[in-house]
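Enquirer: Starting off with a structure, shown below.
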Amino acid sequence: MEIETAVRAEIPITTVVINNLTMGGYDTKMPVAMAKYGVGNQSGDYAGVAQALGAKGIHVKEVAGIGPALEDAKRANADGQVAVIEIRTRQETRFSDYPDLMVPA
């Protein structure tokens, strides 16, 4: 995991995670598993995991919070700290399948 490596190696990077609370495409590819078990509705607290690994974890839930989060991460990086910004978005279940690219070679 790049976050743990960056913390251990003292490489102050910023990672931005866009968290839409969805595991991609299960509603159309695995409809029974989705309906019965909600397999596509899985997510995590990525900023919290970053904190557990020794980085600065920043949660963003509103668009207005993105700029301040970037500034916070920039300050953390300047202080030698790794930062992870987790931006929560709405759940989206429409996915592109790129059908023209899915042809055998």
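Enquirer: Does the stretch 48-64 hold any residues that are out of contact with any strand residue (DSSP E or B) (no Cβ under 8 Å at 6 or more places or on another chain) and touching a residue at least 12 places away in the same chain (Cβ under 8 Å), and which are they?
Expert: LEU53, GLY54
Enquirer: Take the conditions at pLDDT below 80, among the small types (Gly, Ala, Ser) and more than 11 Å from GLU86 (Cα to Cα) and apply them to GLY25. Does it pass? Full working, then the answer.
Expert: Details: at pLDDT below 80: yes; among the small types (Gly, Ala, Ser): yes; more than 11 Å from GLU86 (Cα to Cα): yes.
Here the answer is yes, as GLY25 does meet what is asked.
Enquirer: Right, here's the next one. Looking at ALA69, ALA52, ALA33, can you tell me which residue is modelled with pLDDT of 95 or more and more than 15 Å from the chain's Cα centre (by Cα)? Steps first, please.
Expert: Details: ALA69 fails: more than 15 Å from the chain's Cα centre (by Cα); ALA33 fails: modelled with pLDDT of 95 or more.
Sole residue among the options that is modelled with pLDDT of 95 or more and more than 15 Å from the chain's Cα centre (by Cα): ALA52.
Enquirer: Does the stretch 57-85 hold any residues that are under 15 Å from ILE13 (Cβ atoms), part of a helix (DSSP H, G or I) and among the charged types (D, E, K, R), and which are they?
Expert: Those that are under 15 Å from ILE13 (Cβ atoms), part of a helix (DSSP H, G or I) and among the charged types (D, E, K, R): ASP72, LYS74, ARG75.
Enquirer: Among what's in the stretch 1-56 and is part of a loop (DSSP other than H, G, I, E, B) and among the charged types (D, E, K, R), pick the residue that is surrounded by the fewest Cβ atoms within 10 Å (Cβ to Cβ).
Expert: This residue is GLU10.
The values are calculated or read from the model by the stated rules, or taken from the named source; none is laboratory data. Here the structure is a predicted model, which is why all the values come from computation and not from measurement. FYI the Cβ positions are ideal-geometry reconstructions off the backbone, even for glycines, and counts take in every protein chain you see.
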